[in-house]
1. Could you check the stretch 79-93 and list, in sequence order, the residues that are closer than 17 Å to residue 152 by Cα, touching a residue at least 40 places away in the same chain (Cβ under 8 Å) and under 25 Å from the mean Cα position of the chain (by Cα)?
2. Of these, 277, 305, 270, 242, which one is surrounded by 14 or more Cβ atoms within 10 Å (Cβ to Cβ), without any contact (Cβ under 8 Å) to a residue 60 or more places away in the chain and not assigned by TED's automatic domain parsing to the domain that holds residue 141?
3. Could you pull out the residue among 189, 198, 213, 217 that is modelled with pLDDT of 90 or more and either more than 19 Å from residue 104 (Cα to Cα) or surrounded by 13 or more Cβ atoms within 10 Å (Cβ to Cβ) (or both)?
4. In the stretch 104-120, is there at least one residue being in contact with a strand residue (DSSP E or B) (Cβ under 6 Å, 6 or more places away or on another chain), surrounded by 13 or more Cβ atoms within 10 Å (Cβ to Cβ), at pLDDT below 85 and assigned to a loop (DSSP other than H, G, I, E, B)?
5. Return the residues of the stretch 133-156 that are assigned to a strand (DSSP E or B) and out of contact with any helix residue (DSSP H, G or I) (no Cβ under 6 Å at 6 or more places or on another chain); say none if nothing qualifies.
6. Is it the case that residue 308 is farther than 30 Å from residue 213 by Cβ, at pLDDT 85 or above and not in a helix (DSSP H, G or I)?
7. Quick check: anything in the stretch 31-45 under 31 Å from the mean Cα position of the chain (by Cα), assigned by TED's automatic domain parsing to the domain that holds residue 180, at pLDDT 65 or above and part of a loop (DSSP other than H, G, I, E, B)?
């Protein structure tokens with residue numbers, strides 16, 4: 001078993017090495033773009049200056065993301081059956097979520113048709129073949145949603161544990177244990193105790209970690225829910241509501257960055273929770289686009305320092321305040337409207353004024 005584990009770790013290490021080589025190339029490309037933009041600015045025309053500023057901005061953001069080395073940059077992999085169609089999405093992966101009718105042979109064997117590695121940001125090679133799929137991309141959804149009951153195309157799901165540029169271990173889950181699957185003609189290896197057990201075994205720290213490698217199917221449905229209306233998430237203590245909200249913010253920015261160009265504000269009930277969670281979004285590649293503020297720090301330049309007496313705090317925290325706030329909100333909407341004409345006493349009593 002140790003030989004199989006070592007071999008699989010070596011396979012993932014080779015892939016990670018290739019990813020970092022590609023990242024180094026992309027960093028050099030971004031640096032070249034910034035130098036080229038500086039040269040364009042020397043032309044002096046308004047058009048050249050505007051083009052330079054836009055190019056420097058885009059290259060700077062890209063360079064910042066590439067230069068950030070996150071722990072577990074590459075954290076997942078899925079091995080997939082042949083899909084029903086051969087169409088590819090913008091991330092270079094096939095879009096089909098269901099296996100082809102002939103993906104499984106009559107004798108119960110199957111060949112792995114596609115392997116996707118999942119990470120914090122997407123990386124394509126020079127031929128636009130995906131080396132890493134961004135965890136927020138549609139192609140990565142099966143990594144989180146596949147189960148033995150509803151496996152889709154997924155045969156094996158693997159969590160890759162790494163630190164920096166070194167792969168430390170792998171943990172596999174079989175989504176289709178009834179199949180005898182082959183990868184490049186060899187039996188598909190299975191290593192470890194499973195993805196969830198690996199995540200639960202990680203050491204805790206004094207700050208919140210992202211859960212990007214261990215998101216469960218129910219959490220993923222919340223994270224990827226449409227943004228057309230208000231999304232209410234309810235759950236008991238410790239069920240991951242805060243972590244899901246932070247990952248949803250990162251997902252929304254990825255899906256519709258133009259819509260959220262002004263950024264996303266996350267309101268925390270206490271400053272302590274702000275300090276506890278502030279490292280999650282940078283680790284997901286979204287630094288600077290999301291602000292996390294406590295209730296008392298929402299207004300720039302103002303900091304709430306007063307504390308209500310217990311009696312007042314109980315009133316403000318009670319359900320009765322919902323009606324008060326609702327009336328206040330409606331009143332604010334009506335501030336610009338002229339007040340209605342006040343009827344005379346006779347009209348209020350239901351009597352017609354004199355002369356009518």
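1. Result: 79, 80, 93.
2. None of the other options fit; the residue is 242.
3. From the options 189, 198, 213, 217, the qualifying one is 189.
4. No - not one qualifying residue is present in the stretch 104-120.
5. Scanning the stretch 133-156 gives 134, 155, 156.
6. yes
7. No: zero hits.
The values are calculated or read from the model by the stated rules, or taken from the named source; none is laboratory data. Just so it is clear, the structure is predicted and the values come from calculations on it, not from any experiment. Glycine gets a Cβ as well: all are built from the backbone with ideal geometry, and neighbour counts include every protein chain shown.
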